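Note sheet for the following structure.
The values are calculated or read from the model by the stated rules, or taken from the named source; none is laboratory data. This one's a predicted model, so the numbers in the text were calculated from it and none came from an experiment. Every residue, glycine among them, receives a Cβ derived from its backbone with ideal geometry; neighbour counts consider all protein chains shown. Note: areas computed on protein heavy atoms with side chains; ligands, DNA, RNA excluded. Shrake-Rupley method; radii C 1.70, N 1.55, O 1.52, S 1.80 Å.
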Amino acid sequence: MRFLVFLCCLLPLALTAQEKKGARTCRVLFLGAADTDPEKLFLHDGTAAQEVELPRLNLSKVYELPGGALTLRMLAALPVEGQPIPATVPSAAVPETTGDIYLMLSPDPANKTAPVRMQVIDATADRFKPGQMLWFNLTAHDVGGTVGKQKLAVKSRAKVILDPPASAVEPYNVNLSFRIAGKDALYPLCETQWNHDPASRTVLFIINEAGSRAPRVLGFPDHRASSGKNP
């Protein structure tokens, strides 16, 4: 399985007060990684690099990045002072107007400098709020149904933000179906109950499951303390 994922780094120690004010946070996820893929790499933000973990089954801890427009690069080792960073390293741009991010990584064995692809996902607080759900459909199927009190409809290769599925810390029903590309029939995907946490944002991926016609849903909660760090 291959799909896109997220990652970040710490602010340089010499940051000015203005730079600190514009800082953003980042959490990382490495989806589709094999046992032979790296578990740690170095993330360079244009000024400094830090070793970061590449979790497969949950979001990483919260890392910090400077504000402003950035080009993030993933390195297998710390850069050598005075030496340019190779042009072949994986990279991803962060616009100045983007706040917090998720850094999504997917395997790229062809890249011999660092075997990953990078994608930045905007998680700016006023665009993706506590209680909401960010759905990414990475398959060729359309998926839809009910998620608590909300209706979900996410096209193939698309993303949607869903408003909170419930009003409090409580269970809610999930009933989803999918439509195979080029066909009209609906097929069941899942019928279950999930638990809602109004303080947590949730990132979900609809992915292809090896050996199965039906896709699979993976969800990753992002609960932050008021400081922006993990509780």
May I ask which of Lys129/Lys155; Lys61/Lys151; Lys129/Lys151; Lys112/Lys155 have a Cα-Cα span longer than 29 Å here? Lys61/Lys151; Lys112/Lys155
Taking 2.2 N^0.38 Å as the expected size of a compact globular protein, what ratio does the Cα radius of gyration of the stretch 59-192 give against it, to two decimals? 1.35
Of the candidates Ala168, Gln150, Pro188, the farthest towards the positive dipole end of the stretch 131-197 (Lys/Arg Cβ +1, Asp/Glu Cβ -1, centred on the Cα centre) is Pro188
When only Cα pairs under 8 Å and 6 or more residues apart are kept, what is the percent relative contact order across the chain? 17
Between exposed GluC sites (Glu not before Pro) in the chain, where DSSP calls loop and at most 14 other Cβ atoms lie within 10 Å, what's the longest gap? 97-208
Which residue, chosen from Pro107, Gln83, Gly46, occupies the Cα position most advanced towards the positive end of the dipole of the stretch 45-117, where the dipole is computed from +1 (Lys, Arg) and -1 (Asp, Glu) charges on Cβ about the Cα centre? Pro107
Over the chain, what percent of the accessible surface lies on carbon and sulfur atoms, probe 1.4 Å? 52
Enter the accessible area per residue of the chain (Å², integer; probe 1.4 Å; all protein chains in place). 51
Cα pair count fraction exceeding 21 Å, expressed as % - the chain: 58
Given the -39500 (n - 2.57) contribution per DSSP H run of 4+ residues, what per-residue ellipticity at 222 nm results for the chain, rounded to the nearest 500 deg cm²/dmol? -500 deg cm²/dmol
Loop-located trypsin sites (Lys or Arg not before Pro) in the stretch 61-119, at most 11 other Cβ atoms within 10 Å (DSSP): Lys112
Can you give the FRET efficiency to the nearest 0.05 for Glu170 and Thr88, using r as the Cβ-Cβ distance and R₀ = 41 Å? 0.25
Gain on full stretching of the segment that runs from Leu78 to Gln150 - 0.36 nm per residue minus C-alpha separation: 21.3 nm
Once the other residues with Cβ under 11 Å from the Cβ of Ala123 are scored (Lys, Arg +1; Asp, Glu -1), what is the net sum? +2
